[in-house]
Amino acid sequence: MSEKYGDAIELFPPASFKTVLRAENRLTSRLDNQLKAFFAHSNGARIMDYAFMGCKNASMADMVENTLSLWAPAIPNIALNFQGFLKNSIGENFGLLENTKDSAGNYAVAFLQAISDADMLVIASSLNVFLDQFLDFVEDTLFEDPNALLIDQEAWALNLSSWLEFDSELLEMYRSGELEAYYGNSDQYRQIVAEALSSS
């Protein structure tokens, strides 16, 4: 995709092992193994208007700084559990939840519509599952318009039924009630979850 849509996708040299280790030390928590694998391929990335934060990459926002300066004060009930790794210019944010893992120990991915929101929607059981779906959305959008900035599907991140269709582990997480602490106070998110579960 980066070769086909070079104007819309920018990758970077890999992050070194030492750079990633320093990031973990500053967070005082572990980075997700799948995120480490991403950094070993590209230290952050620009995909249309979506910025994947890197580790000390001067061309991109720094994931550690973003987590420590933005998320820790903004959502104290979740504190450093939410490690923001992806954002866009309209204020949408995606993060990894260190305390919410799939059966292999990978961190779940949550969506936050705005920094002022106290609640979030978990949309993938792991980063790799999220990337599979996200990159499909990106490719479909760029096929229609190579100059597009945002994914050409309204409320795509909140379409929980679509995420659940390809993520059986996420479905089990929701059915068990394990994720309710993240969305339970939001009428909008509770309705989204209820509708998604009833149709799955």
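The values are calculated or read from the model by the stated rules, or taken from the named source; none is laboratory data. What you see is a predicted model, and the numbers here were worked out from it, not measured in a lab. As a convention, Cβ positions derive from the backbone with ideal geometry for all residues, glycine included, and neighbour counts pool all protein chains shown.
Out of all the residues in the stretch 146-162, is one or more among the acidic types (Asp, Glu) and either assigned to a helix (DSSP H, G or I) or within 15 Å of the chain's Cα centre (by Cα) (or both)? Full working, then the answer.
The initial filter retains those residues of the stretch 146-162 that are among the acidic types (Asp, Glu), namely 152, 154.
Still in the list and also either assigned to a helix (DSSP H, G or I) or within 15 Å of the chain's Cα centre (by Cα) (or both): none.
No, the conditions are met nowhere in the stretch 146-162.
Part of a helix (DSSP H, G or I) and either in contact (Cβ under 8 Å) with a residue 60 or more places away in the chain or closer than 27 Å to Phe39 by Cβ (or both): is that true of Asp119 in this structure? Judged against the criteria, Asp119 is not a match.
Within the stretch 138-151, residues that are more than 20 Å from Lys87 (Cβ to Cβ) have Cβ atoms under 7 Å from residues that are part of a helix (DSSP H, G or I) and modelled with pLDDT of 95 or more in no pair, counting only partners at least 6 apart in sequence or on another chain.
When Ile151 is tested against the conditions (1) over 25 Å from Glu98 (Cα atoms); (2) surrounded by fewer than 20 Cβ atoms within 10 Å (Cβ to Cβ); (3) not basic (Lys, Arg), the lone failure is (2).
A single member of Ala114, Ala110 is under 23 Å from Glu195 (Cα atoms), crowded, with 20+ Cβ neighbours inside 10 Å and touching a Gly at 6+ places or on another chain (Cβ under 6 Å), and it is Ala110. As for the stretch 176-189, it holds no residue that is closer than 28 Å to Ser2 by Cα, modelled with pLDDT under 95 and surrounded by fewer than 18 Cβ atoms within 10 Å (Cβ to Cβ). Inside the stretch 163-200, can you point out the residues that are under 19 Å from Ala118 (Cα atoms), of a type outside the set (S, T, N, Q) and not in a helix (DSSP H, G or I)? Scanning the stretch 163-200 gives Gly177, Glu178, Leu179, Gly184.
Only one of the numbered conditions (1) hydrophobic (A, V, I, L, M, F, W, C); (2) at pLDDT below 85; (3) more than 23 Å from Trp156 (Cα to Cα) is not met by Ala61, and that is (2).
Return the total of residues in the stretch 39-49 being assigned to a strand (DSSP E or B) and either among the β-branched types (Val, Ile, Thr) or out of contact with any Leu (no Cβ under 6 Å at 6 or more places or on another chain) (or both).
Narrowing the stretch 39-49 to residues assigned to a strand (DSSP E or B): 45-47.
Pick out the ones that are also either among the β-branched types (Val, Ile, Thr) or out of contact with any Leu (no Cβ under 6 Å at 6 or more places or on another chain) (or both) and you get 46-47.
Of the residues in that region, 2 qualify.
Okay, residues lined up against (1) buried (at least 19 other Cβ atoms within 10 Å of the Cβ); (2) of a type in the set (Ser, Thr, Tyr); (3) assigned to a loop (DSSP other than H, G, I, E, B):
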position: Ser2; (1), (2), (3): no, yes, yes
position: Tyr5; (1), (2), (3): no, yes, yes
position: Ala15; (1), (2), (3): yes, no, yes
position: Lys18; (1), (2), (3): no, no, no
position: Arg22; (1), (2), (3): no, no, no
position: Ser29; (1), (2), (3): no, yes, yes
position: Ala37; (1), (2), (3): no, no, no
position: Ser69; (1), (2), (3): no, yes, no
